[in-house]
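Some notes on the structure that comes next.
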Amino acid sequence: MKLISWNVDSLNAALTSESARALLSRDVFATLAEHAPDVLAIQETKLSDKGPTRKHLEALESYFPQYELAWVSSVEPARKGYAGTLFLYKKGLNPVVTYPKIQAPTTMDAEGRMITLEFEHCFVTQVYTPNASDGLKRLGDRQIWDALYATYLAELDAIKPVLATGDFNVAHTEIDLANPKSNRRSPGFTDEERQGFTNLLAKGFTDTFRHLHGDVTGAYTWWAQRSRTSKINNTGWRIDYWLVSDRVADKVTASEMIDSGTRQDHTPILLEIAL
């Protein structure tokens, strides 16, 4: 299987805007189409509660003409046009699609953060993990989310192997961001969030990038848009992951970032596995 995950930061903007950034986003979509993945996971769609419009569907069809689609958006009482996730998968795969609720605090379960595909030999699940927010206002709720999500993955893993991806909104170790010392209490690099990710892995999951590449440095998946030179200077963070059940980690043949050119924010990540 070849699988790709990408936090697009607004599917509508990427597919319909004519801004310079949108054109860069469409270049990324063209690159992903060339990869022809079996499954493409997309986070932070920011679509309405009605999901993709006809214009969105036509645009996606132009890149991925032989794919089915599953989506979930943020709905009341959560904010509209916020978060949201979407899967594209090749026709004929016919997974069972579910939209998990994990009894998360506040409105997190209503924010469209998770979709799971069940195949014959594995689960493929994606997540857009809640950000701890400015001032760490949501850190306590985030810690609860992390524990509930880890339990959910472990429950899947008890049934069959799991391939879990998405924007986990945490740089796990100091080599997963360019400036660890100055970000000690920044959202995404608090001790609490890092420990939450450690606890998740301890339930039987492997960070496939580190599994294949070891302690390589300077490898990131996100560069802040607010800094015009963040990507040029590679002052990034690795916060997007492909995790797999420990028992299938030796079947992973590739786990890497896909070049998104000069476009800042997230870059797509690739997983190839021989299940």
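Bear in mind these aren't lab numbers, they're just calculated from the coordinates by the rules spelled out. If you're wondering where the values come from, they're calculated on a predicted model, not measured in any experiment. Cβ: placed from backbone, ideal geometry, glycine included. Neighbour counts: every protein chain shown.
Structure summary
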quantity: Signed unit charges on C-beta, dipole axis of the range 2-273, positive-most listed residue PRO37, GLY214, LEU60; calculated: LEU60
quantity: Derived scalar couplings ³J(HN,Hα) [the range 129-141; Karplus, 6.51 cos²θ - 1.76 cosθ + 1.60; whole Hz; x for Gly, Pro]; calculated: 5, x, 7, 5, 6, 4, x, 6, 4, 9, 4, x, 5
quantity: Whole-angstrom gap from the range 249-271 to the range 60-89, using each part's C-alpha centre; calculated: 20
quantity: For ASP167, residues with placed amide H under 5 Å, excluding near neighbours; calculated: VAL127, THR129
quantity: Lysines with Cα under 16 Å of LYS55, excluding same-chain neighbours fewer than 8 positions away; calculated: LYS46
quantity: Candidates THR116, THR206, THR16: whichever shows maximal mean-square fluctuation once the chain is modelled as a Gaussian network with Cα springs under 10 Å; calculated: THR16
quantity: Among ILE269, LEU163, ASN183 - extreme Cα towards positive end, dipole of the range 2-273, charges at beta-carbon; calculated: ASN183
quantity: When the range 1-60 is reduced to its Cα atoms, the Kirkwood hydrodynamic radius in Å; calculated: 12.0
quantity: For peptides 127-133, 61-67, sequence by mean Cβ density within 10 Å, most packed first; calculated: 127-133, 61-67
quantity: Total charge dipole magnitude, the range 73-141, about the Cα centre, Cβ charges on Lys, Arg, Asp, Glu only, Debye to nearest 20; calculated: 180
quantity: Charge dipole of the range 2-273 about the Cα centre (unit charges at C-beta), most positive-ward option of PRO95, ALA254, TYR128; calculated: TYR128
quantity: Inter-label distance, nm, simple model (7 Å from Cα along the C-beta direction), ALA20/SER133; calculated: 3.3
quantity: log10 of Debye I(q)/I(0), alpha-carbon scatterers only, for the range 104-191 at 0.11, 0.14, 0.18, 0.20 Å⁻¹; calculated: -0.36, -0.56, -0.86, -0.99
quantity: Amide H contacts under 5 Å for ALA254, placed H, 5+ residues apart; calculated: GLU272
quantity: Nearest-20 debye value, the chain charge dipole, Cβ charges on Lys, Arg, Asp, Glu; calculated: 600
quantity: Packing-based ranking, highest mean first, of 172-182, 259-269 given that Cβ atoms within 10 Å are counted; calculated: 259-269, 172-182
quantity: Relative contact order (%) - the range 2-273, alpha-carbon pairs under 8 angstrom, separation at least six; calculated: 17
quantity: Cross-link reach list, lysines versus LYS203, counting only Cα pairs under 25 Å and skipping chain neighbours closer than eight places; calculated: LYS2, LYS101, LYS160, LYS251
quantity: Kirkwood hydrodynamic radius of the range 92-154, from inverse mean 1/r over distinct Cα pairs, in Å; calculated: 12.8
quantity: Debye log10 I(q)/I(0) at q = 0.10, 0.12, 0.17 Å⁻¹ for the chain, Cα point scatterers; calculated: -0.46, -0.69, -1.58
quantity: Pairwise FRET efficiency - ARG184 versus SER48, Cβ, R0 = 41 Å, nearest 0.05; calculated: 0.65
quantity: Long-range HN-HN contacts of TYR67 with modeled amide H, under 5 Å; calculated: LYS91
quantity: Near-label residues of the range 141-166 by backbone N, under 19 Å of a point 7 Å along Cα→Cβ of THR98; calculated: 145-166
